[in-house]
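Derivation of every value follows stated rules applied to the coordinates shown; laboratory data play no part. For clarity, every value in this text was computed on a predicted model and none was experimentally measured. Positions of Cβ are backbone-derived with ideal geometry, glycine not excepted, and every protein chain shown enters the neighbour counts.
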Amino acid sequence: MDPQIKLLRQLQEYDLEIYEINQTTERLRETLDELVTAHDGLRENLNAQKAQLDDTRRLMREKEIELEENNDRYNQSKIKLNQVANTKQYNALEKELDTYKKLRIQLEEERDTLRENLEAFQSDVDDKARKTAEIESQIAEEQGAIDKESQASSVRIAQLEIERDKLRSDIPKQLIRQYEFIQARRPGAAVVAAVNGTCTGCNMKMPHQLFNELQISSKMIKCPNCQRILFFQPAPENGAA
Ligand SMILES: [Zn+2]
């Protein structure tokens, strides 16, 4: 193999490790973003339900007042009933009392329904508040992990970059430019093995003659399909990778 290609492969190892570290950090950030989105949705929902809970509470208070007023009216009519002189008035008051009684039953039913709703809303709100708090602590944990990870990553990347830059100075600039050109277009490896006449970068069979040339010549050969820089690698003997 061309010694320069060998150097390029070393360079690539550094680059790929840097790339992997950055990918890992990226994935952690994505996980965090997902948590934050879930949290925001839950928080929004929680606020809506809290508003509903407050509404129900207000309606219940109003209903209690209505009930009290109705009771007062009932009691007043009852007093009047004991003081009336004629049958006509008596009958009218009896009717009134009956109306108040019916209304009380209706109001009590309405209040009980509101109370049931209130209890259901309250337990829903409690449940969501607990979940929101859980996610909040998960977010804090995740954030802590990311901070720790990125600190370690930056140290490692700084080391790798020093090594890489040392190596770069030993490789002709023109070759580096070609390597970077391929890298920019295709993430991952720019220098790949050709095994059994196949480019392992794009898995395409390469022309016979080119593959032969790769085995004997020291000149740089690129895959005609994906343009990656190739090096020859003998096929594993037992067929296993
Ligand atoms: Zn290829």
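Computed FRET efficiency, Cβ-Cβ of Arg156 and Gln122, R0 41 Å: what is it to the nearest 0.05? Can you show the working numbers first?
Working: r = 51 Å, r/R0 = 1.24.
Given R0 = 41 Å and the Cβ-Cβ separation, E is 0.20.
Projected over every direction and averaged, the convex hull enclosing the alpha-carbon atoms of the chain yields 24.0 nm². Just report the Cα centroid separation between segment 196-241 and segment 88-117, whole Å. First find each Cα centre; the distance between them is then 93 Å. Extension gain, Arg27 to Asp112: 0.36 nm times the residue separation minus the Cα-Cα distance gives 25.5 nm. Running a GNM on the chain with Cα contacts under 10 Å, which residue among Val195, Val84, Val36 ends up with the highest mean-square fluctuation? Result: Val84 has the largest fluctuation of those listed.
DSSP bridge analysis restricted to the chain gives an antiparallel fraction near 55%, rounded to the nearest 5. Normalising by residue count, segment 173-232 has a Cα convex hull of 69 Å³ per residue.
What FRET efficiency do you get for Glu94 and Glu66 if R0 is 30 Å and r is their Cβ-Cβ distance, rounded to the nearest 0.05? Don't skip to the end; give the middle numbers.
On the way: r = 22 Å, r/R0 = 0.75.
Calculated transfer efficiency: 0.85.
Farthest toward the positive end of the dipole of the chain, out of Pro172, Cys202, Ile79, is the Cα of Pro172, where the dipole comes from beta carbon charges about the Cα centre.
Once every DSSP H run of n ≥ 4 in the chain is given -39500 (n - 2.57) and the sum is divided by its residues, what mean residue ellipticity at 222 nm do you get, rounded to the nearest 500 deg cm²/dmol? Working shown, then result.
On the way: 4 runs with 185 residues, N = 241.
My calculation for the chain gives -28500 deg cm²/dmol from helical runs alone.
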